[in-house]
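In what follows, a structure is listed as structure tokens, so that the remarks can point back to it.
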Amino acid sequence: MVLTRAYDNKILSLQRQGRTATFAPGFGEEAAQVGSASAMRPNDIFVPAFRQSGVYLTRGFPMDLYLLYWIGYEEGNVVPENVRGMPMAVPVSTQMPHAAGIAYAQKYKGSDSAVVAYVGDGGTSEGDFAEALNLAGVWKAPLVAIIQNNQWAISMPRKKQSAAETLAQKAFAAGINGVQVDGNDVVAVYKATREAISNARDGPTLIECVTYRMGMHTTSDDPTKYRSDEETAAWAKKDPILRVKAYLEGKGLLSDAIDKEIEEGNSKIIDSWVEKAESFKPDPTSMFTNVYSFMPEILSAELEESKASDFWQG
Ligand SMILES: Cc1ncc(C[n+]2csc(CCOP(=O)(O)OP(=O)(O)O)c2C)c(N)n1
Ligand SMILES: [Mg+2]
């Protein structure tokens, strides 16, 4: 969780220096991400949205590649063979029908793998979300759908997002289990996800993690325009990292010295990821070749034309 936060902070700082494009940090949502991803078994598959640094990190995705994506290279969104996951999905909730399909495919193939998919509170208003839960319910697909209810969908507050008292209750219409959990309590999230995964053979579960987006929506957003300092200050007290630190300190498992050691170690790890990502030498043809399995004629014509241009040489 601490490494996730430090890396998000680093990427934010790189963005401010013009060294990445737009970035969506997950400050405050580390327990929901790391707790749920830690509960996954090696053969389970994650399906992210676009604000899941902690999930990528926990699932062993190469974090230099993760940064490469935010720098603007699609190569960073190509999931290596040894990582069981899907690329980032920016179009809100479009990952959910994919997740239901992948989950059904596991069942069809007789595989024991479950799919753990992530969606925001805003994403639960999309038709894709309802369709995915509906299909997963009918098919009894091994899907664990995790709502990261961070209280905001850009400037749209949770209260205006849905009249439903909880987002977890959206499970009931689909005939599946729905659970609401304190998303800033890493142990609670872990436990809920573990249970959902062990029940996945019998069908899907929807888990609403109640958490808070402590930072901006993305680096192009200024949250002070639409939410109060009182609100952010109240949630700062529930910071999931402070909570887990207090818990570990109470058990005598964490001290300032250990904390400092972890911080220094993390900063070296992060520097190595940044160095690797920034030394990437792009192949400009990838912006053409990465689009379709077979390149349509119009695209290959454009590729040839662009190769002949001065821009390409630069
Ligand atoms: C289909 C679609 N509509 C609109 C957008 C623009 N957009 C990007 S993120 C976002 C809000 C998402 O809110 P939420 O689902 O709560 O996720 P969060 O950003 O809070 O993690 C919107 C409207 C988009 N990317 N895709
Ligand atoms: Mg949200």
Label-point separation in nm, Ser198 to Thr166, each point 7 Å along Cα→Cβ: 2.0
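Counting other beta carbons within 10 Å of each residue's own, what order do Thr94, Thr193, Thr219 fall into, fewest first?
Sorted ascending by nearby Cβ count, the order is Thr94, Thr219, Thr193.
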Shape category assigned to the range 174-255 from the gyration tensor of Cα positions, a/c cut at 1.5: oblate
Sequence of Ile146, Ile258, Ile207 once ranked by neighbouring C-beta atoms within 10 Å, starting from the fewest: Ile258, Ile207, Ile146
For the range 170-184, 3J(HN,Hα) per residue [Karplus equation, 6.51 cos²θ - 1.76 cosθ + 1.60, θ = phi - 60°, Hz, x = Gly/Pro]: 5, 5, 5, 5, 8, x, 10, 5, x, 10, 10, 9, 5, x, 9
Mean Cα-pair separation over length for the chain, i.e. relative contact order, pairs under 8 Å, 6 or more apart, %: 20
Shape call, the range 231-314: gyration tensor on alpha carbons, a/c limit 1.5: prolate
Using θ = phi - 60° and Karplus 6.51 cos²θ - 1.76 cosθ + 1.60, couplings along the range 245-256 (whole Hz; Gly, Pro as x): 5, 4, 5, 5, 5, x, 8, x, 9, 9, 10, 4
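Relative contact order for the range 2-60: what is it in percent, counting Cα pairs under 8 Å that are at least 6 residues apart? Display every interim value, and only then the final one.
Numbers: 43 pairs, mean separation 21.9, N = 59.
With pairs under 8 Å counted, the relative contact order is 37 percent.
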Residue of Leu206, Leu254, Leu299 that the Gaussian network model of the chain assigns the largest fluctuation, springs spanning Cα pairs under 10 Å: Leu299
The range 2-282: radius of gyration and largest Cα-Cα distance (Dmax), Å: 18.3, 52
Separation of alpha-carbon centers, the range 42-74 and the range 199-252, rounded to whole Å: 19
Dipole magnitude (debye, nearest 20) for the chain, charges at Cβ of Lys, Arg, Asp, Glu: 900
Antiparallel content of DSSP bridges confined to the chain, in %, to 5: 10
Debye, to nearest 20: dipole size of the range 1-71, +1 on Lys, Arg Cβ, -1 on Asp, Glu Cβ: 140
Using θ = phi - 60° and Karplus 6.51 cos²θ - 1.76 cosθ + 1.60, couplings along the range 114-122 (whole Hz; Gly, Pro as x): 10, 10, 10, 10, 10, 8, x, 4, x
Dipole of the range 162-265 [Lys/Arg +1, Asp/Glu -1 at C-beta], most positive-end residue of Ala192, Ile262, Met214: Ala192
Calculated P(r) tail over 18 Å for the range 31-161, as whole % of Cα pairs: 53
Proximal lysines to Lys225, defined as alpha-carbon separation beneath 20 angstrom and excluding residues fewer than eight positions away on the same chain: Lys159, Lys160
Principal axis dimensions, the range 99-249 - Cα atoms, whole angstrom, descending: 50, 40, 28
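FYI, it's all coordinate maths here, none of it is from the lab. Just so it is clear, the model here is predicted, and its values are computed rather than measured. Note that we place each Cβ from the backbone using ideal geometry, even for glycine, and neighbour counts take in every protein chain shown.
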